[in-house]
1. What FRET efficiency do you get for residue 269 and residue 214 if R0 is 22 Å and r is their Cβ-Cβ distance, rounded to the nearest 0.05?
2. Could you please state how large a percent of the accessible area of segment 95-142 is carbon and sulfur, counting protein chains only and using a 1.4 Å probe?
3. Give me the percent of the accessible area of segment 344-385 that comes from carbon and sulfur atoms, probe 1.4 Å, all protein chains in place.
4. Round to a whole number: what % of the accessible area of segment 199-319 belongs to carbon and sulfur, probe 1.4 Å?
5. Leaving out ligands and nucleic acids, note down the accessible area per residue over segment 72-160 with a 1.4 angstrom probe, in whole Å².
6. Over segment 188-335, with the other protein chains present, what is the accessible area per residue in square angstrom, probe 1.4 angstrom?
7. May I ask you to give the solvent-accessible area per residue for segment 355-418, in square angstrom, as obtained with a 1.4 angstrom probe?
8. Within segment 319-351, list the residues whose amide N lies under 14 Å from a label point set 7 Å along Cα→Cβ of residue 381.
Amino acid sequence: MESSAVLGGLQPNFPLCPSRNTSSTPLLRLFSTSHSSPSLSVKLQKQLPLASCQAASPSPFRRCATLSNTFVNETSELADIEWDNLGFAFLPTDYMYVMKCAQGENFSKGELQRFGNIELSPSAGVLNYGQGLFEGMKAYRKQDGNILLFRPEENALRMRLGAERMCMPSPSVEQFVEAVKATVLANKRWVPPPGKGSLYIRPLLMGSGAVLGLAPAPEYTFLIYVSPVGNYFKEGVAPINLIVEHELHRATPGGTGGVKTIGNYAAVLKAQSAAKAKGYSDVLYLDCVHKRYLEEVSSCNIFVVKDNIISTPEIKGTILPGITRKSIIDVARSEGFQVEERQVAVDELLDADEVFCTGTAVVVSPVGSITYHGKRVSYGEGGFGAVSEKLYSVLTRLQMGLTQDKLDWTVELRQKTY
């Protein structure tokens with residue numbers, strides 16, 4: 001059951017499909033594939049037992065999962081890569097999770113498969129009409145070797161909301177979370193050591209069935225793959241330099257800017273490529289109606305600080321409701337800051353004390369300068385501002401398990417040793 005207590009008060013207020021059963025019963029049977037070795041096939045045919053470590057938690061989701069020793073030999077050692085030189089680039093790992101569903105039916109019978117290419121019809125809905133969504137999440141390794149996920153239920157709910165907008169069925173919140181747990185645990189050796197990075201988790205939902213005329217695909221695939229990553233921007237946690245784009249736009253009212261559909265990201269590539277060719281880190285977009293209000297950066301939300309008041313563009317359908325954005329707002333308010341979600345005019349950048357970005361990939365990234373109509377405005381002295389540094393510290397210590405999680409935002413994954 002999807003609980004507002006767990007999902008931050010947000011629940012889908014629609015039936016996903018009039019004919020579809022929306023039962024959230026998780027399916028965790030993990031079957032062997034044709035690519036598996038005989039010994040691995042035996043292991044994959046067993047259901048991964050998931051045990052609760054917070055029985056008293058009000059959440060209906062298991063806050064701690066345990067991987068049985070059937071995978072110990074496969075995943076107990078760290079992968080042999082240069083952990084100190086991780087960037088934000090794809091590295092193939094061991095397993096991916098796949099689950100399929102016909103239009104009008106429920107997702108079921110998910111399985112772990114050896115990571116590899118997938119087969120799609122040239123007429124697949126995702127290839128011809130862009131019927132696809134994705135999510136982005138991270139897993140961190142704690143000092144004790146256990147692994148933490150951060151608010152996975154929020155990603156699950158956001159995918160369900162996006163699927164309704166894109167006319168697709170979606171896994172239940174519980175199916176999504178359990179699939180993420182299974183995928184991360186099966187790829188445990190690729191989770192970086194503490195302080196070396198994170199395991200990036202990419203759930204995909206796509207129209208995989210063949211369709212020629214413009215219509216929803218007849219079949220859908222939910223897939224999760226993972227990759228170890230370091231910092232998203234080449235600057236690391238050093239300040240980034242943005243340019244305001246006033247001609248090209250990321251989203252329009254009534255469009256799909258508020259959901260994480262794949263086409264939103266292809267649309268920013270032209271402006272982003274031009275900005276990077278000029279030496280900028282990324283692009284800051286304005287609204288397409290007035291061309292004067294901030295929306296977001298290509299792949300992250302934006303915050304402006306003035307006199308200890310933190311302002312960020314309000315969610316109104318053209319801006320992605322970032323989970324890191326939501327978390328930073330909650331953290332900031334708990335730390336005594338005033339946070340305003342409203343229209344933020346581009347002129348407010350000219351006398352701001354600090355500007356920073358948030359997102360799963362960047363977490364919190366300080367902005368060193370913003371260029372608008374040829375005028376460059378700089379912030380700080382080459383590092384975090386006082387406000388963004390405080391918020392970054394509180395959030396990352398929580399994500400990495402370095403401080404007590406009083407908000408019940410993290411899910412801990414453990415490896416059995418017996």
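The values are calculated or read from the model by the stated rules, or taken from the named source; none is laboratory data. Keep in mind it's a predicted model, so treat the numbers as computed, not measured. Note that we place each Cβ from the backbone using ideal geometry, even for glycine, and neighbour counts take in every protein chain shown. Note: areas computed on protein heavy atoms with side chains; ligands, DNA, RNA excluded. Shrake-Rupley method; radii C 1.70, N 1.55, O 1.52, S 1.80 Å.
1. Numbers: r = 24 Å, r/R0 = 1.08.
That pair, residue 269 with residue 214, gives E of 0.40.
2. Values: 960 of 2050 Å².
The nonpolar share, carbon plus sulfur, comes to 47 percent.
3. Working: 740 of 1650 Å².
So the carbon and sulfur contribution to the accessible surface is 45 percent.
4. 56
5. Numbers: 4040 Å² over 89 residues.
Each residue of segment 72-160 exposes 45 Å² on average to a 1.4 Å probe.
6. Per-residue value: 38 Å².
7. Numbers: 3060 Å² over 64 residues.
For segment 355-418, the per-residue accessible area is 48 Å².
8. Taking a point 7 Å out along Cα→Cβ of residue 381, no residue of segment 319-351 has its backbone N under 14 Å.
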